[in-house]
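Notes for the one structure printed next.
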């Protein structure tokens, strides 16, 4: 993101203050909202027992990621 | 430095982390999974009415003959699917959260604030939930309680993640009120208190039975190493990438200011 207004206090070349870099919440919100929802859906898909919520029918996804679930610490049996 | 840059760099770091987690899980973890399944099958052969017998309604079977996915696939492609998917998702999310943290975490520079975000992610998302509900090998845990255990695990995970967000808010307010060190202590105390209370309030899960303690330890160490490898690579790779972007950004800014001052 280009900063149109640069801080006039740091012309000496001491570097910009970290607070000059803040990305406004308005700009961040849609990325975060979608990112959080997407992360949760993938987590459910990988970690679920595919029994409580079964899309699609069967145990194929459950069996396919079986070892990853055990070793990444998600509950399994 | 834009949100887009952070997301792209987070996804790249996450992909690398997924590969690292697969390597650790395959080399350190798979031998323990195989040993646990061998025990499970030996127990299943002696006890005909065991919950992991051939009745598919009671849970899944680890036998090759009737399995939907063979063990060879589970331990290679299946494992890689899991670690890569989780790696990319956590890497991307860590990247976005590092964008939020940019310039908002006291006087920390981009590299330091990014590293802190990754550290908080590792502690709140993996290490603390592991301490309350540690990973269990195959043969431990019944198919009848899996829904309940999943709900407890993700409930505690949600408390831990929300607690770390609250702790950061408290730390920022306390830093403004007092100064750096008391602020950080207030934030850490907030997280610790919430998580300890939650850990005491959440029920205990103990379905170990007579599972061998040595194998359980080896499995849990392997599982923790997998998670730590995942987060270490997310943190290290993302920090390096963000720092490089910031240096380029700062060099451009310095040149502009020099030109403006002439």
What order do you get for A:40, B:1 when you list them from fewest to most C-beta neighbours inside 10 Å? A:40, B:1
Using 20 Å as the cut-off for backbone N distance, which residues of region B:104-130 belong to the label zone defined by a point 7 Å from the Cα of residue B:178 along Cα→Cβ? B:105-108
For peptide B:222-231, what's the mean number of Cβ atoms from other chains within 10 Å of each residue's Cβ? 2
Going by how many other Cβ atoms sit within 10 Å of their own, how do B:249, A:66, A:77 line up, fewest first? B:249, A:77, A:66
Need the full-extension length gain, residue B:196 to residue B:77, defined as separation in residues times 0.36 nm minus the C-alpha distance. One decimal, nm. 39.1 nm
Segment residue B:185-residue B:262, extension gain: residue separation times 0.36 nm, minus the distance between their alpha carbons: 23.1 nm
Roughly what angle does helix B:30-46 make with the longest principal axis of chain B, taking Cα atoms, 0 to 90 degrees, to the nearest 10? 20
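How big is the equivalent ellipsoid of the protein assembly as shown along its three axes, where each semi-axis is √(5λ) from the Cα gyration tensor, reported in whole Å from largest to smallest?
Numbers: eigenvalues 387, 87, 50 Å².
Equivalent ellipsoid of the protein assembly as shown: 44, 21, 16 Å, largest first.
Quick one, can you get me the convex hull of the C-alpha atoms of region B:72-129 expressed as volume per residue in Å³?
So the per-residue Cα hull volume is 79 Å³.
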Of B:73, B:245, B:190, which is the most mobile in a GNM of chain B whose springs link Cα atoms less than 10 angstrom apart? B:73
Compute the separation of the alpha-carbon centres of region A:18-35 and region B:161-234 and state it in Å as a whole number. 26
Project the alpha carbons of region B:96-243 onto their principal axes and report the range along each, largest first, in whole Å. 52, 34, 24
Nearest 10 degrees, 0 to 90: what angle lies between the long axis of helix B:146-177 and the longest principal axis of chain B (Cα atoms)? 20
FRET efficiency for residue A:22 and residue B:27, Cβ-Cβ distance as r, R0 = 45 Å, nearest 0.05? 0.60
With each pseudo-label sitting 7 Å past Cα toward Cβ, what's the residue B:148-residue B:206 distance in nm, one decimal? 1.5
Quick one: Cα convex hull volume of region B:146-204, Å³ per residue? 55
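Across peptide B:97-106, what mean number of C-beta atoms from other chains lies inside 10 Å of a residue's C-beta? Walk me through the numbers on the way to the answer.
Numbers: counts 4, 0, 9, 7, 3, 6, 8, 6, 1, 2.
That average works out to 5.
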Report Rg/Rh for chain B, rounded to two decimals, where Rg is the Cα radius of gyration and Rh the Kirkwood radius. 1.08
Going by C-beta contacts inside 10 Å, put B:204, B:132 in order with the fewest on the left. B:204, B:132
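Read the figures in this text as sums done on the coordinates, not as results from a lab. Everything numeric here is computed off the predicted structure, so don't read it as measured data. Every residue, glycine among them, receives a Cβ derived from its backbone with ideal geometry; neighbour counts consider all protein chains shown.
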